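Throughout, read-outs are computed from the coordinates displayed, never taken from laboratory work. Remember, it's a predicted structure, so these values are computed and weren't measured experimentally. Neighbour counts are summed over all protein chains in view; Cβ atoms, including those assigned to glycine, are modelled from backbone coordinates with ideal geometry.
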Amino acid sequence: MGDRYCVFGNPIGHSKSPRIHALFAAQTGQDISYEAILVEKGSFPAAVAAFIAAGKGPARGANVTVPFKEEAFRLAARRTPRAEAAGAVNTLSFDAGALVGDNTDGAGLVRDLKNNLGCDPAGRRILLLGAGGAARGVILPLLLDNPAELVIATRTEETAARLALEFSRLPGCAINVKPDGIGFPALAGRVFDLVINATSAGLSGAVLPLPTGVFAPRCVAYEMVYGRATPFMHQAQAAGARVADGLGMLVEQAAEAFHVWRGIGPRTAPVLAALRELE
Ligand code: NDP
């Protein structure tokens, strides 16, 4: 029997990960299975243990999605530096019974920006909206790409300021830019070349209080949510920005996880195209 993988989450019925990994496996000739597992809140460690114990082939790894990324972080016996920086784990590897935690969200976003959207973060004025797990996961990879500036904005100024301070002191990381953390009202008069929405506001249809002027001419506006047109996307479009949704990030973070597990980097363009066809 082939090696087994899964994604844990709640809800999980909507997950595109089984399809993405099946396409990666077919493309690279890997004999694996990948399933979506719904986990009740409070049962995450038990669900991981049950997945490892059950099944016909060896369990090798898992993805972790909302709301278990922080719990996966705590459960991991070892963590990669990028998972440590993110404070969240979206990729687990089962290494001789030990759980190794990684975070591929940031690499996924940066690869989507660079490879699929032709938007290199280097030299850009970047605005990151939100301070949840997804925002935390992308700060280090963005900083490592030498943006002109990185401003984190949230509805609570203290949250953004605390996060910015945390990422200003990362020992051992070659970072030239210190992020700044502000509340939404302080965005008045500021202009950015890349605006990334890492809030979950789009899921509830909430409108973010963004001044129209934050979108510079030829700005790229990146919405991490996918599968729907959000108010942020409408705001950015109306301001003349080039808008992208988070489907590319989803496929790229999955490709990075596949590489962590299998040592092979699948081609993402055909998989992204296949998913777009289904939209
Ligand atoms: P979290 O729940 O950890 O964080 C959500 C963030 O959104 C918080 O900072 C929260 O602020 C903010 N927020 C929520 N509603 C509003 C609002 N109405 N106005 C302003 N801020 C708001 O979620 P994640 O960080 O894990 O995920 C964020 C989004 O990114 C989700 O929609 C998720 O679907 C998407 N995502 C996409 C990925 C992809 O591959 N495309 C990968 C990972 C995530 P506060 O702290 O003040 O409540």
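A few points about this structure:
- Applying 1/(1 + (r/R0)^6) with R0 = 30 Å to the Cβ-Cβ distance of residue 174 and residue 115 gives a FRET efficiency near 0.85.
- Distance (nanometres) between label positions extended 7 Å along Cα→Cβ at residue 146 and residue 277: 4.0 nm
- Nearest-ten-degree value, helix 44-53 long axis tilted from longest Cα axis of the chain: 40 degrees
- 28 Å Cα-Cα threshold exceeded, pairs from 69/178; 41/114; 41/178: 41/114; 41/178
- ³J(HN,Hα), Karplus 6.51/-1.76/1.60, whole Hz, each residue of segment 94-108, x for Gly, Pro: 9, 10, 6, x, 8, 8, 10, x, 9, 9, 9, 4, x, 4, x
- Estimated inter-spin distance, residue 122 and residue 54, nm [label 7 Å along Cα→Cβ]: 4.8 nm
- Cut-off under 5 Å, modelled amide H: who pairs with residue 221 long-range: 195, 242, 243, 244
- Only aspartates and glutamates eight or more places from residue 16 in sequence, or on another chain, were considered; those with a Cα closer than 12 Å are 35, 279.
- Counting only alpha carbon atoms, the long axis of helix 17-28 and the longest principal axis of the chain meet at about 70°.
- Taking the square roots of five times each eigenvalue of the Cα gyration tensor of segment 106-246, the equivalent ellipsoid has semi-axes of 21, 17, 14 Å, listed largest first.
- Amide H partners (placed H, <5 Å) of residue 36, local residues excluded: 7
- For segment 193-200, the Karplus equation 6.51 cos²θ - 1.76 cosθ + 1.60, evaluated at θ = phi - 60°, returns couplings of 8, 9, 10, 10, 8, 9, 8, 9 Hz by residue, with Gly and Pro reported as x.
- The C-alpha atoms of the chain occupy a region whose extents along the principal axes are 59, 41, 33 Å, arranged from largest to smallest.
- Percent antiparallel among DSSP beta bridges (both partners in the chain, rounded to 5): 20 percent
- Comparing 105, 245, 31 in a Gaussian network model of the chain, where Cα atoms under 10 Å apart are tied by springs, the biggest mean-square fluctuation is seen for 31.
- Fluctuation leader among 91, 230, 104 - the chain, Gaussian network, Cα springs under 10 angstrom: 230
- Sorted by Cβ density within 10 Å, fewest first, the residues 249, 233: 233, 249
- Sorted fewest first by neighbouring Cβ atoms within 10 angstrom, 170, 142 come out as 170, 142.
- The label point for residue 95 and the one for residue 200, both projected 7 Å from the Cα toward the Cβ, are 3.0 nm apart.
- Using a Gaussian network model of the chain in which every pair of alpha carbons under 10 angstrom is joined by a spring, one finds that among 203, 187, 163 the greatest mean-square fluctuation is at 203.
- Gyration tensor (alpha-carbon) shape descriptor, segment 3-103, a/c threshold 1.5: rounded
- FRET E, pair residue 259, residue 218, Förster distance 41 Å, beta-carbon r, rounded to 0.05: 0.80
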